[in-house]
Amino acid sequence: MSVSILPSLWTPQTWQSKPALQQPKYENLEELRQVVEQLSQLPPLVTSWEILDLKNQLAEAQAGKRFVLQGGDCAETFASCESGIIASKLKVLLQMSLVLVQGSRKPVIRLARIAGQYAKPRSEDMETRDGVSLPSYRGDLINRPGFTAEDRHCDPQLLLRAYERAALTLNFLRSLVKGGFADLHHPEYWDLSFARNSPLETEYHRMAAGITESVRLMEHIFGVRAAEMAAVDLFTSHEGLHLHYEQAQTKQVPRRDGWFNLSTHFPWIGLRTLDPLGAHVEYFRGLENPIGVKVGTSTPPETLLALIETLNAKNEPGKLTFIHRFGAGKIAAHLPRFIDTVRRSGKQVLWVCDPMHGNTFLSSNGYKTRSFGDILSEIEQAWEIHESEGSHLGGVHIELTGENVTECTGGSRGLTETDLDRAYLTEVDPRLNYEQALEIAMLLAHKMARSH
Ligand code: PEP
Ligand code: CO
């Protein structure tokens, strides 16, 4: 008997023969089929050029020459597809990236959790309230948050509605970025009106002025407008959870080899769906996109090695990012083993720290929350551990919003658990508000600056 060592045939559908976790149960499979067919006919949201450009930039981050800022909502909602909300999120990301450029003295890759972050993994398939059980809310891609049978019905048409909203969101972002909103000569465009009296305002404006000054100085010296430097770019990312949605936009493009997921630049595999023998890894292994995998305390070394082997057998630079999320109290006990395992594999990954998902707890007044102190501590420890293990932290992954919410405690305004009552808007995980997000960036920037 001969055993084949060649990887088995891959198509965008081969995942369907593997166990697929976290997929909704649709009643009408014919309707699902028709929706996926329609979705696959629609034009792409991103192009292979952009995807390969991001992969090259991530390869540089892997080599220590760039830093990644990945951030946005835990879940986008259809209701939040609105100009003010989208622009505010862009402003926060731009401000944070400016601060990180100063601290790291490196170009920052902005990777937004946006234009497709509509599906959520859930720990329970069903939710029970007062003796009534209904399917869990899985994100606006799948059903609705209200607790009625109608809202929780899994509706394939929502895949089309989500794709359209992703397109609207991206269209607006691209126009803002290309149209001059993201010009480093004018960081004042990124100011948020409600942040006028923020305790961080003075320091932020000092940093922003410093960058604008440097851009002007460069232009003066070289006598040209520093177009490449002065305009920033932005990439999109989302968790590639709903495999029919991802499959629909997975295509080949003229004059290039391989298959691209054209619904986003950077899809990632969530912690709950990283089984190397499962459907998600099967789907992701055929993509040309740079991809991420969330890893945590429950991920054994054999799994890390199998993921590297399956998802990046050729050790292509920039291809694979491990986004580690342990929790402030656990990172020190786990991260060194992860770094060591990857080193022994002889392959390279980009390391990004998600300081959010290992630090969630229930407040005494019943809110799912996170504390600023834990989030900061996990990032600082990640930075130090990578440094002392001879590795380096290549980026951070933050859940944030440009709105003035109160979902996480702490930060320079000292939000307490009682403040959570005031503006707790998330349907899923608690996000850092504008001030808290900017403060995290500033404290990380200080830490980076100290290690030059
Ligand atoms: C998320 O990023 O919102 C998420 C669910 O993360 P994880 O897969 O790390 O739990
Ligand atoms: Co989340």
Could we say that Glu302 is more than 16 Å from ligand 2 (Cβ to nearest atom), open to solvent by 20 Å² or more (accessible area, probe 1.4 Å) and without any contact (Cβ under 8 Å) to a residue 12 or more places away in the chain here? yes
Near pairs, Cβ below 7 angstrom, 6+ apart or cross-chain, from segment 53-76 (within 16 Å of ligand 2 (Cβ to nearest atom)) to any residue that is among the small types (Gly, Ala, Ser) and not in a loop (DSSP other than H, G, I, E, B): Gln70/Ser237; Gln70/Gly395; Gly71/Ala112; Gly72/Ala112
Being at pLDDT 95 or above, open to solvent by 10 Å² or more (accessible area, probe 1.4 Å) and in a helix (DSSP H, G or I) narrows it down to one of Leu168, Leu159, Leu134, so name that one. Leu168
Determine whether segment 138-150 contains at least one residue that is basic (Lys, Arg), under 22 Å from the mean Cα position of the chain (by Cα) and within 22 Å of Glu30 (Cβ to Cβ). yes
I'm checking my understanding of the structure. Among residues of segment 395-452 that are open to solvent by 40 Å² or more (accessible area, probe 1.4 Å) and within 22 Å of Ala119 (Cα to Cα), which one is modelled with the highest pLDDT? Tyr424
Would you check if there is a residue in segment 32-49 being away from ligand 2 (no atom under 16 Å from the Cβ), touching a helix residue (DSSP H, G or I) at 6+ places or on another chain (Cβ under 7 Å), charged (D, E, K, R) and in a helix (DSSP H, G or I)? no
Has segment 335-344 got at least one residue that is at pLDDT 95 or above, in a loop (DSSP other than H, G, I, E, B) and away from ligand 2 (no atom under 16 Å from the Cβ)? no
Assess whether Ile308 counts as being within 14 Å of ligand 1 (Cβ to nearest atom) and in contact with a strand residue (DSSP E or B) (Cβ under 9 Å, 6 or more places away or on another chain). no
In the list Thr297, Thr321, Thr310, Thr264, which residue meets the criterion of being in a strand (DSSP E or B) and away from ligand 2 (no atom under 16 Å from the Cβ)? Thr321
Filtering segment 267-278 down to residues that are outside any helix (DSSP H, G or I) and open to solvent by 10 Å² or more (accessible area, probe 1.4 Å), which residue is farthest from Leu170 (Cα to Cα)? Leu277
Against the condition within 16 Å of ligand 2 (Cβ to nearest atom) and free of Cβ contacts under 8 Å to residues at least 60 places away in the same chain, how does Val352 come out, does it pass? no
Evaluate segment 240-250: report whether one residue or more is within 14 Å of ligand 1 (Cβ to nearest atom) and of a type in the set (Asp, Glu). no
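The values are calculated or read from the model by the stated rules, or taken from the named source; none is laboratory data. Quick caveat, the model's predicted, so the values are computed rather than measured. All Cβ positions, glycine included, derive from the backbone under ideal geometry; neighbour counts span all protein chains shown. Areas reflect the complete protein model, heavy atoms only, side chains present, ligands, DNA and RNA absent. Shrake-Rupley method; radii C 1.70, N 1.55, O 1.52, S 1.80 Å.
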